[in-house]
């Protein structure tokens with residue numbers, strides 16, 4: 001039985017193996033026809049006689065000849081073993097994740113709250129982008145880089161876990177956040193540079209407005225996906241009182257018009273996340289939109305087996321000739 005990775009260059013020659021059974025039938029028929037019958041009144045005189053070694057091996061030359069013929073047919077069919085593989089080339093993209101950590105991100109219309117839900121989904125997104133450089137910018141009334149662009153996603157995820165509201169002065173400086181993200185991405189060598197901006201409010205702080213910062217992003221060919229977080233209407237917000245934490249419903253005021261315009265200007269897309277499920281779906285859609293380019297080059301190599309089969313056939317042929325010329329030689 002040949003291994004599964006063996007193929008033949010000339011498989012049509014294997015049809016000649018069908019001649020082997022025909023030759024066997026012909027040999028048996030001829031052998032019976034050439035055998036003479038001698039009649040004896042009794043076989044008791046031959047009872048103690050045993051067949052000689054030569055008699056027992058009288059069919060061996062024919063068996064060897066058929067075996068040699070089979071080996072040569074397989075050999076001339078050119079058996080070859082093959083091995084295959086793939087060379088994979090990856091070209092990652094640069095992604096700046098820009099996360100709002102203002103006080104309003106503590107609202108609990110997403111569980112456990114907006115900021116923790118955003119962190120969890122962002123980490124899942126990062127784990128799926130193994131070939132991409134990703135950085136993290138956080139902002140409220142100011143913005144700063146929590147993690148520069150890196151391929152070390154373990155370090156990035158650790159820094160995301162440390163993010164919490166109150167790390168910077170409160171407010172919502174969307175323009176500064178976009179400018180900071182551009183600063184992280186502009187010097188990258190990746191052919192595709194992407195920013196994912198997540199916020200739940202309106203720009204009310206900072207020296208640069210969102211649309212001006214977006215024009216800068218356009219200059220560097222940066223595509224921006226914007227995500228507005230918050231349910232429609234009002235959301236429960238925790239308030240510290242002398243009697244402990246109390247909840248009050250506050251209006252959800254996402255500046256969807258500006259976020260849509262930011263995304264449209266850069267060729268991105270605007271999304272609205274009203275709960276944990278839709279937030280996960282948004283990141284999954286972005287993941288599909290921004291696939292890392294992978295080139296796969298398949299190859300297959302062959303190893304010629306003809307010489308081994310030819311050598312086996314030659315050895316069998318020499319053995320058959322040696323036996324018929326010596327031990328099994330027939331008298332003329």
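The values are calculated or read from the model by the stated rules, or taken from the named source; none is laboratory data. Just so it is clear, the structure is predicted and the values come from calculations on it, not from any experiment. Here Cβ is always computed from backbone atoms with ideal geometry, including for glycine, and neighbour counts include all displayed protein chains.
If you scan the stretch 147-163, which residues turn out to be touching a residue at least 40 places away in the same chain (Cβ under 8 Å) and within 26 Å of residue 254 (Cβ to Cβ)? Before the answer, list the steps.
Of the stretch 147-163, the ones touching a residue at least 40 places away in the same chain (Cβ under 8 Å) are 149, 151, 160-161, 163.
Hits for the stretch 147-163 are 160, 161, 163.
Table: residues versus (1) part of a loop (DSSP other than H, G, I, E, B); (2) under 25 Å from residue 113 (Cβ atoms).
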residue: 137; (1), (2): no, yes
residue: 163; (1), (2): yes, yes
residue: 168; (1), (2): yes, yes
residue: 194; (1), (2): no, no
residue: 197; (1), (2): no, yes
residue: 213; (1), (2): no, no
residue: 216; (1), (2): no, no
residue: 225; (1), (2): no, yes
Practice item. Go through the stretch 128-143 residue by residue and tally those that are at pLDDT 95 or above and either within 18 Å of residue 285 (Cα to Cα) or surrounded by fewer than 19 Cβ atoms within 10 Å (Cβ to Cβ) (or both). Key: 3
Study note, to complete from the structure: Those residues of the stretch 245-292 which are without any contact (Cβ under 8 Å) to a residue 40 or more places away in the chain, surrounded by 12 or more Cβ atoms within 10 Å (Cβ to Cβ), under 19 Å from residue 114 (Cβ atoms) and in contact with a strand residue (DSSP E or B) (Cβ under 7 Å, 6 or more places away or on another chain) amount to 249, 256
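Can you tell me which residue is surrounded by the most Cβ atoms within 10 Å (Cβ to Cβ) among those in the stretch 164-181 that are within 36 Å of the chain's Cα centre (by Cα) and in contact (Cβ under 8 Å) with a residue 60 or more places away in the chain? Don't jump to the end; show me each part of the working.
From the stretch 164-181, those within 36 Å of the chain's Cα centre (by Cα) are 164, 177-181; that's our starting set.
When the remaining residues are screened for being in contact (Cβ under 8 Å) with a residue 60 or more places away in the chain, the result is 164, 177-178, 180-181.
Numbers: 164: 13, 177: 30, 178: 34, 180: 23, 181: 29.
Restricting to residues being within 36 Å of the chain's Cα centre (by Cα) and in contact (Cβ under 8 Å) with a residue 60 or more places away in the chain, the top hit is 178.
Could you check, for the stretch 228-235, whether at least one of its residues is part of a strand (DSSP E or B) and more than 43 Å from the chain's Cα centre (by Cα)?
We begin by selecting, within the stretch 228-235, every residue part of a strand (DSSP E or B); these are 228-229, 234-235.
Narrowing further to those that are more than 43 Å from the chain's Cα centre (by Cα): 234.
The answer is yes, given that some residue of the stretch 228-235 is part of a strand (DSSP E or B) and more than 43 Å from the chain's Cα centre (by Cα).
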